[in-house]
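Have a look at the structure below before the remarks.
A short reminder: the numbers here are calculations on the coordinates, not readings from a lab. This is a predicted model, so every value here is computed, not measured. When we count neighbours, we look across all protein chains shown, and the Cβ atoms used for this are built from the backbone with ideal geometry, even at glycine.
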Amino acid sequence: MTFSMSDMFIIDCSLNPDSKGRRVFKKIIEEHKDLMPIDLVDYPLPHCNGWGQSAFADHNVKTLHDKLLPAKGLLFVSPVYNWDMSSVTKNFMEMLGTPYEKNNITGQVFHHKVIGIIAVSGSHNSFLAPLGLLNSFMVDFQSFIVPKHTLVAKDDFQKDGSFDMTHVNETLMYFKKMVQKLGTW
């Protein structure tokens, strides 16, 4: 079974246009044309303000919901701050994982989807940072978690801004294989 670009999305959760995370995201979409890119800079989301509240009526919430609902896999490129995933990443999960009937949002964007993480941090000491978010995906949405996540740290980058894609490509390989195996779940 083959999958199209609309089956696998890569989501950039860094809002900083000069961030190392943005460089990782751009390199991945340059080398992996089978991933549909979503840059959250292009879809500013309001802060989640509680179940059934005004934030869920935002146009970008509905747009992202409709775009991602049929996906088989979602791969996040997210910065790490204070040994946890960014608030943008967590807010994205809250906004798209919660049903809101007034805007026809199902809350099923992550349900039974393959979820992968590529974290970008200032230090390799943050390797476990994605675990809290991944637990939420696993428990709250019964998502299939790619067991190999990658942390790209500040010292992985060369002076020219390049970095070694070996571990990133390993995570991508696991992600794509899991989408192929589990995408028809």
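A few remarks follow.
- On the basis of the beta-carbon distance and an R0 of 30 Å, Asn104 and Lys181 show a calculated FRET efficiency of 0.45.
- Helix axis angle, 59-68 relative to the chain longest principal axis, alpha carbon, degrees: 70 degrees
- When each of the peptides 137-149, 30-42 is scored by how many other beta carbons lie within 10 Å of its residues on average, the order from highest to lowest is 137-149, 30-42.
- Calculated over the chain: convex hull of Cα atoms, volume per residue (Å³): 107 Å³
- Each residue of the stretch 37-51 was assigned a 3J(HN,Hα) from its phi angle through the Karplus expression (A = 6.51, B = -1.76, C = 1.60, θ = phi - 60°), giving x, 10, 9, 5, 4, 7, 10, x, 9, x, 6, 4, 10, x, 3 Hz with x at Gly and Pro.
- In degrees, nearest ten, helix 131-141 long axis to first principal axis of the chain (Cα): 30 degrees
- Using alpha-carbon coordinates, inclination of helix 20-31 to the longest axis of the chain, degrees: 90 degrees
- At an R0 of 25 angstrom, the distance between the Cβ atoms of Asn169 and Gln53 translates into a FRET efficiency of 0.05.
- Loop-located chymotrypsin sites (Phe, Trp or Tyr not before Pro) in the stretch 1-90, at most 11 other Cβ atoms within 10 Å (DSSP): Trp51
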